[in-house]
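Student: To start, I am sharing the structure in question, which I have written as structure tokens.
The values are calculated or read from the model by the stated rules, or taken from the named source; none is laboratory data. Since we're looking at a predicted model, the values are computed, not measured. No Cβ is skipped: glycine too gets one built from the backbone with ideal geometry, and neighbour counts run over all protein chains shown. Quick note on the areas: whole protein, heavy atoms, side chains included, nothing else; ligands and nucleic acids left out. Shrake-Rupley method; radii C 1.70, N 1.55, O 1.52, S 1.80 Å.
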Amino acid sequence: MPVYFIRSQQIQDRRLEISGPLAHHLRDVLRVRPGERLHLVDETEKGYVGEVESIDRSVLLVRLVEPLPRPPFSRLSITLGQALLKGDKMDWVIQKGTELGVSRIVPLISRRTVVHARRGKEGGQLERWQRIALEAAQQSGRWNIPQIERIQDFSAWVQAAPQKAVRLILWEKEPAGKDRTTFEARPPDTPVVALVGPEGGFEVEEVNKGIGAGFLPVSLGPRMLRAETASLTIIALLQHCWGDLK
């Protein structure tokens, strides 16, 4: 069942008013009616079951009736370093990556990146991506929202990537299955960083920079995958190995 994010300060005497875009979504898109129950989660990841008491043109009044038990969740923290993709492909990776449980997404500018943020509009683009992540988290029943970071340069970011994480860079020229012992022996609760290139992939020099920064090149097999397919494949594989996709 979807969850909807609220702020704890909205709650007064076990009731809260929902307004703005969420109220519009519940009232006009989902056609919620009085008496229906909603699953709500606040910024502290505390869950509530709320019952809609009344609806007007701008506000839903909701009464909190009982705590919402927290579902099992993955202890795996995945950071996806994704080179910017054309069109709506980046939106799609953010949406589906959120559904698969990624913790953080870092948009990157690499040498073969063919799309760049418009000067002066980076903030609006980041806000839109964060909204996509929020809506995907709600739809998939997540109790937290992945962080979408500002667009960064590939070369600078790989040097600053978390040193204690298992760091992987996808490269189609790496022999499949080669030397996986480094990350298969990952200690429990170690975070993972996965780098995925743009439509044309990473250049050899970029892969070498990643290796020099501690990244392990990995292949996803003999087939040539689209960039957006590769992103979701590596997330799903990581969740299968160490997360909650068993």
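Student: Mind jotting down the three principal axis lengths of the stretch 59-129 based on Cα atoms? Whole angstrom, largest first.
Tutor: Taking max minus min along each principal axis of the Cα atoms, the stretch 59-129 gives 53, 35, 17 Å.
Student: What does the extension gain come out to for S19 and K173, with contour length at 0.36 nm per residue minus their alpha carbon separation?
Tutor: Details: separation 154, 0.36 × 154 = 55.44 nm, distance 5.12 nm.
Between S19 and K173, full extension yields an extra 50.3 nm.
Student: Using a Gaussian network for the chain with springs between C-alpha atoms less than 10 Å apart, which of these wobbles most: S110, S58, S219?
Tutor: Greatest mean-square fluctuation among the candidates belongs to S58.
Student: Could you check what % of the DSSP bridge pairs in the stretch 1-112 are antiparallel, to the nearest 5?
Tutor: 70 percent
Student: Give me the dipole magnitude in Debye, nearest 20, for the chain about the Cα centre, with unit charges on the beta carbon: positive for Lys and Arg, negative for Asp and Glu.
Tutor: It works out to roughly 200 debye.
Student: Can you tell which of L68, S110, S58 lies farthest toward the positive end of the dipole of the stretch 7-123, using +1 and -1 charges on the Cβ of basic and acidic side chains (Lys, Arg; Asp, Glu)?
Tutor: Projecting each Cα onto the dipole axis, the largest value belongs to S110.
Student: I would also like to ask the following. Does the chain classify as rounded, prolate or oblate by the C-alpha gyration tensor (a ≥ b ≥ c root eigenvalues; a/c under 1.5 gives rounded; else a/b over b/c gives prolate, otherwise oblate)?
Tutor: Verdict is prolate for the chain.
Student: Could you list which residues have their amide H under 5 Å from that of G81, counting only those 5 or more apart in sequence or on another chain, with H placed in the peptide plane?
Tutor: Answer set, sorted by chain and number: V106, A194, L195, V196.
Student: Could you pull the Rg and Dmax for the stretch 1-145, using just the Cα atoms, both in Å?
Tutor: In Å, with Rg to one decimal and Dmax whole: 17.5, 55.
Student: Now for a separate question. Give me, ordered by chain and number, the residues 5 or more places off R167 or on other chains with an amide H under 5 Å from its own placed amide H.
Tutor: Placed amide hydrogens put V193, L216 under 5 Å from R167.
Student: Just the accessible area per residue of the chain, please: how many Å² with a 1.4 Å probe?
Tutor: 53 Å²
Student: Going toward the positive end of the dipole of the stretch 1-154, with +1 on Lys and Arg Cβ and -1 on Asp and Glu Cβ, which of G124, P146, A83 do you reach last?
Tutor: Of G124, P146, A83, it is A83.
Student: What distance in nm separates the two pseudo spin-label positions at D91 and Q159, each 7 Å out from Cα along the beta-carbon direction?
Tutor: 3.5 nm
Student: Mind ordering 154-163, 79-88 by average Cβ neighbours within 10 Å, highest first?
Tutor: 79-88, 154-163
Student: OK, next. Of the residues R31, R104, R15, which exhibits the maximal mean-square fluctuation in a Gaussian network model of the chain defined by a 10 Å Cα contact cut-off?
Tutor: R31
Student: A further question follows. Restricting to the chain, what percent of DSSP beta bridges are antiparallel, rounded to 5? Write down the numbers at each step before the final one.
Tutor: Working: 17 of 40 bridges.
The antiparallel proportion sits near 45 percent.
Student: For the chain, modelled as a GNM with alpha-carbon contacts under 10 angstrom, which of L16, L195, L168 fluctuates the most?
Tutor: L16
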